[in-house]
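Undergrad: Structure in structure tokens, see below.
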């Protein structure tokens, strides 16, 4: 008889945390989701859980309190660390203590930590095609924190804490509310009248569809016997070679080949950054829209043979529908 595997997810109400939690649940895992207000979180995610084919067990707790995370992870073989401060607020004071909670829980339970990674770790010296071993000399505060997170996880590996890091491009997909797609390209909750282009003309950009990222992570977890104690992989995702492919996909989803394209108002971010933390953090990432950066997925292909990849038009349509940017389908459609 096979024993059901248990995963604790921190950040199950977020985009990537929710996507991974649903994919684990549909794959037969028992999923525990830590939240400070379980009743509210459960009410907001019942439909998504039902779509996954299984519900989550919501547990009251705070990722900032190591004792809460240790207790919630008892008996688990996986801790998904997908929790981030909302709106990029107080990153410097919250992110690392939350990670330490997960490390303490992994030491107590023997679970592997799964960390969604980003390209923020890298600076220009690693461009244009960084692999997993490229030097990490970031230009931004978030990048420096990401590097420190990985340093602590690598150090914890010496104490028996196993980690899997999967780095991907900018997230998009249903539930990815705090992303460049939803904050920069379109306006959630509004019918599409235009699309905004953050990048310089001709500059490529790497995108990652949330369900594909979740699928990739779970496939890697299923190869536990082939994973190093401190394992890192890059995804290729959807590569837009000149900044137009994503815009054209949005136009096709909207059914409007002439949908207006406007330049992103970087000047506005500069003015509002002192008062709006989100704008400050978005502005920090401008260098990734001026220079093409495409992380290499050779290591991932060597292990899995392929990378899960939903067709771009299908992924964009699902994303826009989830953001409320497409007209509702007629009744009975």
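The values are calculated or read from the model by the stated rules, or taken from the named source; none is laboratory data. Quick caveat, the model's predicted, so the values are computed rather than measured. Cβ coordinates were reconstructed from backbone atoms using ideal geometry, including for glycine residues, and neighbour counts include every protein chain displayed.
Undergrad: If I go through the range 196-212 residue by residue, how many of them are touching a strand residue (DSSP E or B) at 6+ places or on another chain (Cβ under 7 Å) and buried (at least 22 other Cβ atoms within 10 Å of the Cβ)?
TA: Here the count works out to 6.
Undergrad: With respect to residue 134, is the statement that it is assigned by TED's automatic domain parsing to the domain that holds residue 31, under 20 Å from residue 11 (Cα atoms) and at pLDDT 95 or above true?
TA: Taking the combined requirement at face value, the residue does not satisfy it.
Undergrad: Now for a separate question. Among the residues of the range 249-270 satisfying the criterion of being buried (at least 17 other Cβ atoms within 10 Å of the Cβ) and farther than 13 Å from residue 201 by Cα, which is modelled with the lowest pLDDT?
TA: So, considering only residues that are buried (at least 17 other Cβ atoms within 10 Å of the Cβ) and farther than 13 Å from residue 201 by Cα, the one modelled with the lowest pLDDT is 269.
Undergrad: Hey, which of the strands (runs of 3 or more DSSP E) in the range 29-113, taking only ones fully inside, have at least 1 residues that are more than 22 Å from residue 3 (Cβ to Cβ), at pLDDT below 95 and in contact with a strand residue (DSSP E or B) (Cβ under 7 Å, 6 or more places away or on another chain)?
TA: Strands (runs of 3 or more DSSP E) meeting the threshold: 30-35, 57-60.
Undergrad: Answer yes or no: is there a residue in the range 182-196 that is assigned by TED's automatic domain parsing to the domain that holds residue 103, touching a helix residue (DSSP H, G or I) at 6+ places or on another chain (Cβ under 6 Å) and outside any loop (DSSP other than H, G, I, E, B).
TA: no
Undergrad: Residue 220 fails exactly one of the following numbered conditions: (1) exposed (fewer than 15 other Cβ atoms within 10 Å of the Cβ); (2) part of a helix (DSSP H, G or I). What is the number of that condition?
TA: (1)
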